[in-house]
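Chemist: First the structure, then my questions, so here it is.
Every number in this text was worked out from the coordinates using simple rules, so none of it is lab data. Source: prediction; values computed, not measured. In this analysis, Cβ positions are derived from the backbone assuming ideal geometry, glycine residues included, and neighbour counts consider all displayed protein chains.
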Amino acid sequence: MCKLMIFGGTTEGRLLAEFCIANKINAYISVATEYGAKLLNNSCFLHILRGKMTSDEMADFIKKNHVKTVIDATHPYAVEVSKNIEKACQELGVCRYRVKRDCGTYCSTAIYFDNAELLAEYLDKTEGNILITTGSKELSKFCKIENYSKRCVVRVLPTDKIIDECEKMGFCKDNVISEKGLFSEQQNIAHINKYSISYLVTKESGKEGGFENKVNAAEKCGVKLLIIRRPEENGISLEEVQQILLLENYNE
């Protein structure tokens, strides 16, 4: 039986999983995709749950398995998932910690947008090739850009399902970069140069998401950086969560 449940699928989730293994802490870790599960190490201390959960499904699992503490280490832009986790924990009176990722350096030369829709509207009035590094979840928003299939280069995870989805949305196959990050500054520069990029689209994903490498690459290449602003949230650092797990003796 595990007293601890982690919602991951992120760098922080993987680091927490490794921390649990190293400290012999039994934990459930929930990831949305099979790809996310493959990135986790096999261990008798780690019990991997695959697939998305609704708030009710989360609450049901937590209750049935007598989970005492939940750690929300999901992506900072996965707002609905975090709301579902919070709702499930509140209903059951279960302790919840939210891992808050550092935003990274503010870029004074970039243009910030509240969401992908507004950013796409801006790009529709521009010319030049676009490198989209925000993942596959909101790619459909960029289909509203005129001539998007030729102008947009998308960088996504290397899974057949995601690549097929990109092609179904109309993105040119040659403009789909299917590689696993994190990407170094030099890799970003290489992609910018290869596709003659004029605009780089990203999120405030912090160091864990390779944000500063994108910023530096864009500045060195003279590319305009367009950033989807991160939703405001409260939480504590990964290091603080790790200290709590040690102090509360979750390895007993």
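Chemist: Add +1 for every Lys or Arg and -1 for every Asp or Glu among the other residues with Cβ under 11 Å from the Cβ of THR109, and state the total.
Modeler: Its environment carries a net charge of 0.
Chemist: Semi-axes of the chain's equivalent ellipsoid from the Cα gyration tensor, sqrt of 5 times each eigenvalue, largest first, rounded to whole Å?
Modeler: 36, 18, 17
Chemist: Separate question: I need the shape label for the range 111-228. Rule: rounded when a/c is under 1.5, else prolate if a/b > b/c, else oblate, with a, b, c from the alpha carbon gyration tensor. Intermediate results must be reported in sequence, preceding the final value.
Modeler: Working: a/c = 1.37, a/b = 1.12, b/c = 1.22.
In terms of gyration-tensor shape, rounded.
Chemist: Whose amide H sits under 5 Å from the amide H of THR33, counting only residues 5 or more places off or on another chain, with H placed in the peptide plane?
Modeler: Those lying under 5 Å, H to H, from THR33 are GLY51.
Chemist: Work from the charge dipole of the chain (Cβ charges, +1 for Lys and Arg, -1 for Asp and Glu, about the Cα centre) and give the residue of ILE236, ALA17, ILE162 farthest towards its positive end.
Modeler: Value: ILE162.
Chemist: Follow-up question, since we're still on this one. Could you state the number of Å between the C-alpha centres of the range 75-146 and the range 160-231?
Modeler: That distance is 14 Å.
Chemist: What chymotrypsin sites (Phe, Trp or Tyr not before Pro) does the range 44-121 have in DSSP loop regions with at most 14 other beta carbons within 10 Å?
Modeler: Passing both the DSSP loop test and the Cβ count: TYR106.
Chemist: Mind scanning LYS161/LYS224; LYS24/LYS214; LYS150/LYS203; LYS100/LYS137; LYS3/LYS168 and naming the pairs with a C-alpha gap bigger than 32 Å?
Modeler: LYS24/LYS214; LYS3/LYS168
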